[in-house]
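Q: Before we start, here is the structure in question, set down as structure tokens.
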Amino acid sequence: MKVKAKLKKGVIKVKAMAKHDMTTYNQAEKKTGNKDDANFITHITGTINGKTVIDMSTSQFLSKNPIFKFKLKGDEFKAGDKLVMTWTDRKGNTDSGKGKLK
């Protein structure tokens, strides 16, 4: 997962890209004949210095290698703090990416 985060005037702007094929139920059924082969990101968590700042559920309706953008108040954080974004997919696989606040 690629992660970029910028802190400016107390607001953190985050842009993260998750590398994942995002196979939907329909795609899986066409390819293998079995909907259970679908695999897509179901959960994403973001933490800064161990504190959870975003926690979201997702569905199959995201593109391949989805990009997530969001803003949050960053009054308690400073440049150089670590942002860790982690995703989990339908089959239990996880991946994470790290970035520093700039």
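Q: May I ask you to verify whether residue 64 is of a type in the set (Lys, Arg), more than 13 Å from the chain's Cα centre (by Cα), in a loop (DSSP other than H, G, I, E, B) and within 20 Å of residue 35 (Cβ to Cβ)? Write out each step before concluding.
A: On the way: of a type in the set (Lys, Arg): yes; more than 13 Å from the chain's Cα centre (by Cα): no; in a loop (DSSP other than H, G, I, E, B): yes; within 20 Å of residue 35 (Cβ to Cβ): yes.
Judged against the criteria, residue 64 is not a match.
Q: Please identify the pairs in which a residue from the range 36-62 that is over 23 Å from residue 99 (Cα atoms) and touching a residue at least 24 places away in the same chain (Cβ under 8 Å) has its Cβ atom under 6 Å from the Cβ atom of a residue that is buried (at least 16 other Cβ atoms within 10 Å of the Cβ) and among the small types (Gly, Ala, Ser), counting only partners at least 6 apart or on another chain.
A: Every condition considered, the pairs that remain are 38/28.
Q: Let me ask something else. Within the range 50-88, track down each residue that is polar (S, T, N, Q) and either surrounded by 12 or more Cβ atoms within 10 Å (Cβ to Cβ) or farther than 13 Å from residue 19 by Cβ (or both).
A: Going through the range 50-88, the residues polar (S, T, N, Q) turn out to be 52, 57-60, 63, 65, 86, 88.
Within the range 50-88, 52, 57, 58, 59, 60, 65, 86, 88 meet the criteria.
Only the coordinates and a few stated rules stand behind these numbers; no lab work does. This structure is a prediction, so every number in the text was calculated from the model and none was measured. All Cβ positions, even for glycine, are placed from backbone atoms using ideal geometry, and neighbour counts span all protein chains on display.
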